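Read through the structure below, which is laid out as structure tokens, and then see the notes.
The values are calculated or read from the model by the stated rules, or taken from the named source; none is laboratory data. Keep in mind that this is a model prediction, so the values were computed, not measured. Every residue, glycine among them, receives a Cβ derived from its backbone with ideal geometry; neighbour counts consider all protein chains shown.
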Amino acid sequence: MREITFAQALDEAVAEEMRRDERVITLGTDFTGNPHKEFGPARVRFTPISESVLTGMGLGAAGCGYRPIVNWRMVTFSFVAMDQVVNQASKIRYMFGGQADFPVTYRCSTGGGMNLAAQHSQSPYSMWMHVAGLKIILPATPADAKGLLKSAIRDNNPVVSFECSRLNAVAGPVPDGDHLVPLGVADVKRSGSDVTVVGLAYYVQEALAVAAELAQEGISVEVVDPRTLVPLDVETIRASVRKTGRLVIVDEAPPTCSAAAEIAAAVVEDSTTFRALKSAVQRVCAAPVPVPYSPTLEKAALPDRAAIIAAIRCTLK
Amino acid sequence: MADGNDALIALLRNMILIREFDELALNLREGGKIYGTVHPYVGQEAVAVGVCANLTDADRVTSTHRGHGHCIAKGADIKRMMAELFGRVDGYCKGKGGSMHIADFAVGMLGANGIVGGGLPLATGAALAAQLDGKGNVAVCFFGDGAVSEGEFHEAMNISSVWKLPIVFVCENNQYAANNAVAVQHRNVDLALHAGSYGMPGLTVDGNDVLGVREVSRTAIERARRGEGPTLLECKTYRWYFHAMRAVRPPETRPAEEIAAWKARDPIARMSTELISRRVLSESDLGGLQRQVRADLEAAVAFAEASPFPDAGDILVDMFATA
């Protein structure tokens, strides 16, 4: 199978969907992959730096029959559009009684590890999970990035695509053709029997590296990638935990009210899964600080392989 | 537009319907028949009716927290509006929205909005859709003087002008943003002057003159239909009552002389006098119109009261589109 990078896979997804459906339009201050050359200025819109109006315009145009892709670029900038995300996009369908659909996709880069300091190193997906009404994708491989973004663009709801900065240059196999990954279906990235590690985005890759390392010691790690946070495929995660009896969740967001917290709760509130647990659930998350700039401090703020290994060993004690 | 008598009478009738609807809504809220909050549009009827007289169902509008008038003027069904206020399944939002979130996408009414300025980006998106459709349809965004202080106003005005979007920004300057007078909120109280900094026309009209509103907004709407871009239209008007009420009517804090002066410029009395003087209708025709409106509203209340409350088991319905 051919190999392309995570960033190339995302560009392919947009181009293919724009070719497939002329109602797909894209708005942003800049674009990768030169879509304006192929699709022209009516459908590829270079915009002023106006996140609020762009977020609402995507929603409004979606309610009028289009399928806009709004590029926030960094998730950081979406906070400028809080009203349109939280008060409008997440509520509009339900509060209007389902009388219209709003097929808009919001794209943003997310995560730390790039020495971009506090504002540009955030992973706030749980904030958007909390408001209800937004679907959320968080791919960890080029193939999933392409397949999930294509599904997001075709979905008839507002979807936020969190695209991990540290994965952009990572290459991996991506199937040819119309490769789709359904929203709401987790993927067991590596099968194992001793411990389940649920990783998010970059930490799926890190969990796989740790699993390979611990296999040398005879520890069998199963790596589960939720891939979408809303809807969250709780059942695949619970089934893995019922098999292994142990759970470690790894994410680069801080732990408080996080996706990791939600996953832990979803696992333990199911009595069958709870009874299958052989040890306490462990979370490996960022320090509860704004991500600092200096390399030594940034490294200290974010999870690393040693922390994942320590958490796995803790569940095995 | 041909000024047949029917069109003129429809303007008056719609204004009366809006006023009576909101007077009734206030009474229903006081009587505990409906819930939450009511933001009366009384006094501003000429704005919604005058502007929407130039629109078709294919043109889209966004509204505000004070949205009943825009809904009625855009052609929404008062029975389903009333059922929504009553929180019933036959309401426009199946009881999920209430007064502040009534929408009727079938007639191009893209929703009231509980956030001041919140509709501006949505209307701008509707205008983008209209531009891409290329059929000469337009978007109209209704908002108040309060929204002019919001960042979304600036963003929406700027991008609409840069892209020449087919949109008319209708600022209903009712002299108060919640309880604060316009001069407390703005250094320059002639809000249409903002248009110049965005490179678009800024028009001002007496918002209590339905014929004037219709005429001036028509020039802005026709300009948008021709693809020549947006216009800011400021309609100077007055909110007769308080910003909002919940269980009881809040005390009046504005000067009595000011209220009296604006009530003397009642848009409905003005249009009634105009049509009687033109012999378009008689005093007795006017009485008939008012009786018909009241009968229609009684029927709307009966419809709402006959409609069931939503089933608690349907709490999750409408969260996500399934396809």
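Quick notes on this structure:
- Residue list for the stretch A:239-263, filter: part of a helix (DSSP H, G or I), closer than 19 Å to A:I309 by Cβ and either free of Cβ contacts under 8 Å to residues at least 24 places away in the same chain or within 18 Å of the chain's Cα centre (by Cα) (or both): A:A260
- Scope the stretch B:115-126; condition in a loop (DSSP other than H, G, I, E, B) and within 8 Å of chain A (Cβ to nearest Cβ); matching residues: B:I115, B:G117, B:G118
- Matching entry among A:V204, A:V223, A:V267 (being in contact with a helix residue (DSSP H, G or I) (Cβ under 6 Å, 6 or more places away or on another chain) and either within 28 Å of A:K299 (Cβ to Cβ) or charged (D, E, K, R) (or both)): A:V223
- Which listed residue, of B:F153, B:F169, is within 14 Å of another protein chain (Cβ to nearest Cβ), of a type in the set (F, W, Y) and assigned to a strand (DSSP E or B): B:F169
- Wholly enclosed strands (runs of 3 or more DSSP E) of the stretch A:1-104 bearing at least 3 residues within 14 Å of chain B (Cβ to nearest Cβ) and either surrounded by 19 or more Cβ atoms within 10 Å (Cβ to Cβ) or not small (G, A, S) (or both): A:24-28, A:44-46, A:67-74
- If only residues of the stretch B:256-300 that are among the basic types (K, R) and not in a helix (DSSP H, G or I) are counted, the one that is surrounded by the most Cβ atoms within 10 Å (Cβ to Cβ) is B:R265.
- With respect to the conditions (1) in contact with a helix residue (DSSP H, G or I) (Cβ under 7 Å, 6 or more places away or on another chain); (2) aromatic (F, W, Y); (3) within 14 Å of another protein chain (Cβ to nearest Cβ), B:F320 lacks only one, and its number is (1).
- Candidate set: the stretch B:147-162, residues that are touching a residue at least 40 places away in the same chain (Cβ under 8 Å) and surrounded by fewer than 20 Cβ atoms within 10 Å (Cβ to Cβ); chosen: the one farthest from B:V213 (Cα to Cα): B:N158
- Residue selected from the stretch A:206-238 under the condition of a type outside the set (D, E, K, R) and in a loop (DSSP other than H, G, I, E, B), by the criterion nearest to the chain's Cα centre (by Cα): A:P226
- Filter result for B:K135 (assigned to a helix (DSSP H, G or I), of a type outside the set (A, V, I, L, M), more than 8 Å from chain A (Cβ to nearest Cβ) and touching a residue at least 40 places away in the same chain (Cβ under 8 Å)): no
- Scanning the stretch B:223-255 for residues that are in a helix (DSSP H, G or I) and either in contact (Cβ under 8 Å) with a residue 60 or more places away in the chain or in contact with a helix residue (DSSP H, G or I) (Cβ under 6 Å, 6 or more places away or on another chain) (or both), we see that the one that is farthest from B:H39 (Cα to Cα) is B:R225.
- Flag for B:G144 being modelled with pLDDT of 95 or more, under 19 Å from B:R225 (Cβ atoms) and either buried (at least 20 other Cβ atoms within 10 Å of the Cβ) or within 14 Å of chain A (Cβ to nearest Cβ) (or both): no
Let's see how each residue does on (1) in a loop (DSSP other than H, G, I, E, B); (2) of a type in the set (A, V, I, L, M); (3) surrounded by 23 or more Cβ atoms within 10 Å (Cβ to Cβ):
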residue: B:A58; (1), (2), (3): yes, yes, no
residue: B:H65; (1), (2), (3): yes, no, no
residue: B:R88; (1), (2), (3): yes, no, no
residue: B:A106; (1), (2), (3): no, yes, no
residue: B:N113; (1), (2), (3): yes, no, yes
residue: B:L128; (1), (2), (3): no, yes, yes
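- Residue match in the stretch A:218-229 (condition: assigned by TED's automatic domain parsing to the domain that holds A:V75, buried (at least 17 other Cβ atoms within 10 Å of the Cβ), among the basic types (K, R) and in contact (Cβ under 8 Å) with a residue 24 or more places away in the chain): no
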